[in-house]
Structure formats: structure tokens, C-alpha cells
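Here is the structure we will look at.
Each value in this text was obtained by applying a stated rule to the coordinates, not by laboratory testing. Only a predicted model underlies this, so the values are computations on that prediction, with no experimental measurement involved. Cβ atoms come from the backbone with ideal geometry, glycine included; neighbour counts cover every protein chain shown.
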Amino acid sequence: MVLGSRSALSKTSAKLKLQEIISRYQGVLPDSTVTLRWFIENKFLPLKIPKWKDSTKGTSLGIIQKQITEPLGDLSVCAFDRALLQGHLNSLAEKDYSHSIIQHTKSFLAQIFDEILEADLIQKSPARRLEIPKLNPTRIISPDNALYTGKPFLSEQQLRFLLAVLESRDRLIVMLGCLCAMRPSEIFALTWDAWRDKAIFIMQRVYRRKFDSPKTPASMATIPVPRVVREALAVWKARCPHSGPNSFIFPGKGGKCPLDQYNFSDRVLKLAGIMAIGTAFPVTFQVLRRSFASLLPAYGGDLKAVETILRHSASKSFTLGTYVQPLMEKILQSMDRLADVVAAGLPEHVSVPIEGELFPRPTTQQSASASDGLDSTENKQVKCAEVAELADAPA
């Protein structure tokens, strides 16, 4: 039996074609010309796209196109079984795709075949019991230069140095990410009336200058604000050129729009991360949130406290999600303890950038004092100089 030219068919594509032929001979596949590609483009996406937010639409479409439609789209919807789909996920793992990509692919396959089942094109969904294959562990350098596996996060010491190389507004933005676990879309959408002393009310978010409701219903919540962050907010409000109730806490030029989160991430956070931990892994807002979740339990915050602040849409535990209610004052106490440790010994602000550089140059004294226990003073001074040159480069 000839399946096709060896140069034109990959091993996976040949297996898929063979499986379809076997299914036809076994009588499993009815007379149907409905391919997976046709169903996705004409039935599934028209149902789902209106429900997706702009911030996730591009990523979702990209995963569906690259991981599902391109490798599997030409097969009939009736040609699939669990073994075939599990083999596809296994092949993604062999190609070193991330856990997130494989998890999303698995989730979309389940959703797609549920819709195919609902349309009476198959008798049973082959995607119901798929499993995430074993992945190669991520190697990360810890603060004491030891290797461990897992998703990257920052220690208290690394967070302290990250904050030390930033000033005023930029430091406050990072504090909201690592000490309050706020998402960047929420941080840059904040207005001054959202801050009420010990709490911040999440009422909106911004994505590429488009304002929208928070990511999930659970995301519209009240976030406790540690004392260290409250003090930084008060200092910034006194110096911010736009401090009216409806003004943005982090205004862009002119104050009509907030700072752009992608500009900040590229020009400030990533560069500051290089100074704090080198190039072990890029520092992102997701890393800041993960750092908060990883460190808070050591300061008295239990699992429910972490879930409450992170505001994920689905709780991992029915009992925790249904019966155990969080005590905000207790959560705030644990957040205060973590924040006090992270912010201990931070240098005073030297200048207040308002509409100038997003990334102020740290002084040699700041870099040296904050780098104790992390790296040699000479190495940190070299990094400071290198990052300063990058910051001066045109966008």
C-alpha cells in the first residue's frame, strides 16, 4: 500500500493517513466529507470567537491553527480515536513544546470534539480521556546557584534586588506585580479611585489600549494592599502629575492613556531582570505572580489565601472553594510579612521619572548594596552599565 512520497509525508502524517484507511475498512467511518479543518473553520470558531477576549484571541487562534488544523485538519472527523489524538500530544512533547501549549491543545481538542459530538457526526468523543505526556523538566538556577526543575520564580533576595534597581513609579508597578499578584492588564488600567487605603478594587483591565472587564468574573475583586505598597502609592500620588479620582495611576504622556504594558515589560522589567538575576530566565509579570504564590505560604498565607489573591476562575479544591471563606485581614498580615522582607533595606528614590526615561540608571552604590549575596559587585556594575546602554537605545 502506497501512502505517498517519503519526501512529502512525515512519519506522523503517514500514521494518520494509515489510521484513516484502516478506519474505513473497519466500517467505523461513515460516508462523510466533513474534515476537521472544515468543522473548525465553519462551526467551531464562529461559536467561540465572539466569546474570547482580545487579549487571548490571537493566542487561541494560533494554537488551534498550528497544533490542530495544520497537522490534523485534512482528516475526516470520523477518523479519529483516542490513540491517534494521544499520539499527537505525545509528538508535541517530543518536540519540546511547553506544558502550556500542550495543555491548551488538549483543551481545544476536547472542546472541538464535544461540538462534533453535539452535531451528531460521531458517536463518542475521542478526546475525553487524553493525558498530558511526560515533559522534559525545565532547568533553572536558584539563588544559591543550584539547579532545580520547575517553573521559574524569584526568591525574596532576587525580588529585593529587582526592586532596588528600579525607582519610584517603576518600582511601584513591580511591587503591585510581586507583592499583590496583580496582572499587568489590571495594573495599567488602575485609576486613583480604585485605591482605598488597604485595598485596591479591580474594576477594569486594558489590552493594547482597549478597556474591558477583568479576565474572569473572579478577577473582579478586592486586593489587599501591604503597608510597603501603600506607602509607595502615597509617595507616587503626591508626585504624579495626574492625581484626580479618575486619572490613571500610571499615566502615559499627556495623561489621557495609561502606560503601555508591553513597552514597560520590554524596556523596564526585562532589563531590570537581567540586572537582578542575569539571564537564567526572563523576568515577566507572570514570573512575579508565580513568585508571590510560591513565597506567601512561608509567611503564613495558606492555599486559600493564595487562591484568593491570584483569582483563578476555578478552584483546585471543592471544599476550599465552596466552604472555606478567606479572612482578608489575615491575608493582609501574611502579605505584610512578605513585603517587609522583600523591601527591607531598599535604597531611597534618587529621582522621579515622570515623562522621561522609563528605565532610570541606578547608581553604583545602589547596585553594589543591593547585590549582597547575589553576585560580585564588579559583575553587577558591569551589568548596570550594559543595561543602561540598552535603555538609551532607540525603540
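Going from the residue with the fewest nearby Cβ atoms within 10 Å to the one with the most, Met182, Met220 rank Met220, Met182. Basic side chains Lys and Arg get +1 at the Cβ, acidic Asp and Glu get -1 at the Cβ, and with that the dipole of segment 11-118 about its Cα centre reaches some 200 debye. Shape class for segment 150-190, computed from the alpha carbon gyration tensor (a ≥ b ≥ c): oblate, with a/c not under 1.5 and a/b at or below b/c.
Given R₀ = 30 Å, what would the calculated FRET efficiency be for Lys124 paired with Glu41, taking r from the Cβ atoms and rounding to 0.05? Efficiency for this residue pair is about 0.80.
For Val342, neighbours were defined as the other residues whose beta-carbon sits under 13 Å from its Cβ, and their charges (Lys and Arg +1, Asp and Glu -1) total +1. Here the simple spin-label model places points 7 Å from the Cα toward Cβ, and for Asn90 and Ser7 these points are separated by 3.1 nm.
Length gained on full extension, Gln333 to Glu231: 35.2 nm, using 0.36 nm per residue less the C-alpha separation.
Eigen-decomposition of the gyration tensor built on the alpha-carbon atoms of segment 11-118 gives equivalent ellipsoid semi-axes of 24, 18, 10 angstrom, largest listed first. Taking every alpha-carbon pair under 8 Å whose residues sit at least 6 apart, segment 11-118 reaches a relative contact order of 40 percent.
Shape class for segment 162-252, computed from the alpha carbon gyration tensor (a ≥ b ≥ c): rounded, with a/c under 1.5. Among Phe281, Phe211, the ranking by other beta carbons within 10 Å of each residue's beta carbon, starting with the fewest, stands as Phe211, Phe281.
Extension gain, Lys256-Asp193: 0.36 nm per intervening residue step, less the Cα-Cα distance, totals 21.1 nm. Given Thr105, Ser55, Gln65, which one lies farthest toward the positive end of the charge dipole of segment 11-118, if we put +1 on the Cβ of every Lys and Arg and -1 on the Cβ of every Asp and Glu? Comparing the listed Cα positions along the dipole, Ser55 ranks first.
Pairs from the table (Lys270/Lys304; Lys15/Lys134; Lys210/Lys253; Lys53/Lys256; Lys15/Lys95) lying more than 26 angstrom apart at Cα are Lys270/Lys304.
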